[in-house]
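What follows is a single structure, written as structure tokens, with notes after it.
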Amino acid sequence: MTARLLVLMGSGETSPTMVKTHRALFSQLGPGPVPAVLLDTPFGFQSNADDLTARAQAYFADSVGEPIDVAQFRSALEQGGFGYEAMLDQLRKARYVFAGPGSPTYALRQWEQSSVPQILADKLRTGGCVTFASAAALTLGVVTVPVYEIYKAGIDPAWLPGLDLLAPTGLSAAVIPHYNNAEGGNHDTRFCYLGEDRLASLERELPDEAFVLGIDEHTGCIFDLDAATATVVGLGVLTVRAGGRSRVFASGEVLAIEALQDAARALRTGPATSGPAGGRVVDGMTTTVRATETATDPGRLGDATNPLLDAIGAAEAAFVAALEGRDAPAAAQAVLDLEAELHAWIGDSLESDDLDRGRSTLRSMVVRLGQLAEGGARDPRDLVGPFVEAMLEIRTEARADKRYADADSLRNRLTALGVEIRDTGGSTEWVLV
């Protein structure tokens, strides 16, 4: 039987940071071609849905090295037709199902009366990998957050029913991606744009035994349902939050799935200084959970990791250093490095603002490189001419004094420096070779 994997990603699902994770997931599904599909429902309402689909397919083909087909289901109005049935058939046959950005509430409305939730649940029971990121990840819990409605439209914070595809793990949780988001700058956009006040309000309304499962940006959690383990991957941490307290699990941790529910119970009932959860034997190793607990959530406002912005900053710093050193080739290399980095991130639809910032930086670098070239664009003859002419005068005097050996020595030295001497018609000309 093929592996049974449920994967949650906080963001960056089509960025360079998650390439290694996607490849590892495909390899766990066994050798040979792995039928894979993109379920496009979460962004089905967007006018750029075709573009998002094409970019995701290009990412999997070019970066991950695995082709992915499209299980197109953009609206519940499509149910009952041939296309709808064909989509369901694709989902049933796929061993890797991927869904990402968009709106969680829109996706849930379209799936509500469809066979999609049952097919996904069956896949987790019989074998395959379901990888849901960002908006799609929000749908997987026992409840979900209507993010756009709260953050953009201002409705009162309230949970909506989720797919509860975490049920096979034994966890009762609300999945919150973009957990360490810092886009707000001077206002709190952590916890998928909810901020502390809204999340605290929602947390009090969770069903009994349910807790918040937060996934940082560019971070994922791989639930292996056969091994009963949870593996944290990526750049950030996985957070269990209950009773206003939190425990974080670092990238690279492998722990028993039940340790997450145990951690939630301990946070809800025990003191903030209780010992680490988990500590059970996993694959022959005792895995203890490195944890941070606070009376309220860890204050990580503005502490989000953004690898694209880091790369932009590094390229710009290298460019500035090259300019200061008047090193045009190094400056040009910094421009090329930034262009390659931006190209690698094109598939990540959630980073459009950062891509715009990168393009702006790239254009600025090109302009400054042009200014450097313009400043150094003088004819080289203008720079070396006075020196060559002075040496030629000395050579002429030597020849006039019949010091031919000295004249030939000067000519040979100039030739070695790339200056070709031409004696014609009683005059002397020179060119740079």
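Some points to look at:
- Counted residues, segment 199-226 - those being more than 15 Å from LEU160 (Cα to Cα), not hydrophobic (A, V, I, L, M, F, W, C) and not in a loop (DSSP other than H, G, I, E, B): 4
- For beta carbons closer than 6 Å, sequence separation of 6+ or different chains, a first residue in segment 325-346 that is assigned by TED's automatic domain parsing to the domain that holds LEU369 and a second that is buried (at least 19 other Cβ atoms within 10 Å of the Cβ) and assigned to a loop (DSSP other than H, G, I, E, B), the qualifying pairs are TRP345/SER15.
- Out of LEU25, LEU88, sole residue that is in contact (Cβ under 8 Å) with a residue 40 or more places away in the chain and surrounded by 14 or more Cβ atoms within 10 Å (Cβ to Cβ): LEU25
- Enumeration of residues in segment 215-249 that are closer than 20 Å to GLU183 by Cα and either in contact (Cβ under 8 Å) with a residue 60 or more places away in the chain or among the charged types (D, E, K, R) (or both): ILE215, ASP216, GLU217, HIS218, THR219, GLY220, GLY234, LEU235, GLY236, THR239
Residue by residue, here is whether (1) under 19 Å from LEU140 (Cα atoms); (2) touching a Ser or Thr at 6+ places or on another chain (Cβ under 7 Å); (3) of a type outside the set (Asp, Glu); (4) not assigned by TED's automatic domain parsing to the domain that holds ALA133 holds:
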| residue | (1), (2), (3), (4) |
| --- | --- |
| ASP40 | yes, yes, no, no |
| PHE43 | yes, no, yes, no |
| ASP51 | no, no, no, no |
| ALA54 | no, no, yes, no |
| GLY80 | no, no, yes, no |
| ALA86 | no, no, yes, no |
| ASP89 | no, no, no, no |
| GLY100 | yes, yes, yes, no |
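- Residues in segment 114-137 that are in a helix (DSSP H, G or I), out of contact with any Leu (no Cβ under 7 Å at 6 or more places or on another chain) and within 17 Å of CYS192 (Cβ to Cβ): ALA135, ALA136.
- Test: residue in segment 93-110 that is of a type in the set (S, T, N, Q), surrounded by fewer than 18 Cβ atoms within 10 Å (Cβ to Cβ) and farther than 22 Å from ALA344 by Cα: no
Residue by residue, here is whether (1) in the same structural domain as GLY10 (by TED's automatic domain parsing); (2) under 19 Å from ALA136 (Cα atoms); (3) among the hydrophobic types (A, V, I, L, M, F, W, C) holds:
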position: THR169; (1), (2), (3): yes, yes, no
position: SER172; (1), (2), (3): yes, yes, no
position: PRO177; (1), (2), (3): yes, yes, no
position: ASN180; (1), (2), (3): yes, yes, no
position: CYS192; (1), (2), (3): yes, yes, yes
position: ASP197; (1), (2), (3): yes, no, no
position: GLU205; (1), (2), (3): yes, no, no
position: LEU213; (1), (2), (3): yes, yes, yes
position: LEU225; (1), (2), (3): yes, no, yes
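- Residue match in segment 217-236 (condition: modelled with pLDDT under 95 and of a type in the set (A, V, I, L, M, F, W, C)): yes
- Residue that is part of a helix (DSSP H, G or I), exposed (fewer than 13 other Cβ atoms within 10 Å of the Cβ) and at pLDDT 85 or above, where the choices are ALA373, ALA340, ALA405, ALA390: ALA405
- Counting only helices (runs of 4 or more DSSP H) that fall entirely inside segment 11-109 and contain at least 1 residues that are within 26 Å of TYR151 (Cα to Cα) and more than 16 Å from the chain's Cα centre (by Cα), the qualifying elements are 49-58.
- Tally of residues being closer than 15 Å to ARG204 by Cα and of a type in the set (Asp, Glu) across segment 141-183: 1
- Tally of residues being of a type in the set (D, E, K, R) and in contact (Cβ under 8 Å) with a residue 60 or more places away in the chain across segment 39-61: 1
- Hey, SER114 touching a residue at least 12 places away in the same chain (Cβ under 8 Å), small (Gly, Ala, Ser), closer than 19 Å to PHE43 by Cβ and in contact with a Ser or Thr (Cβ under 6 Å, 6 or more places away or on another chain) or not: no
- Each residue in segment 227-247 was checked for being closer than 15 Å to THR169 by Cα and assigned to a loop (DSSP other than H, G, I, E, B), and 2 pass.
- Taking the criterion of being modelled with pLDDT of 95 or more, assigned to a loop (DSSP other than H, G, I, E, B) and polar (S, T, N, Q), the residues of segment 138-182 that qualify are THR139, SER172.
- Condition met for ARG125 (of a type outside the set (S, T, N, Q), more than 30 Å from ALA153 (Cβ to Cβ) and surrounded by fewer than 20 Cβ atoms within 10 Å (Cβ to Cβ)): yes
The values are calculated or read from the model by the stated rules, or taken from the named source; none is laboratory data. Values in this document were obtained by computation on a predicted structure and should not be read as measured data. Cβ coordinates were reconstructed from backbone atoms using ideal geometry, including for glycine residues, and neighbour counts include every protein chain displayed.
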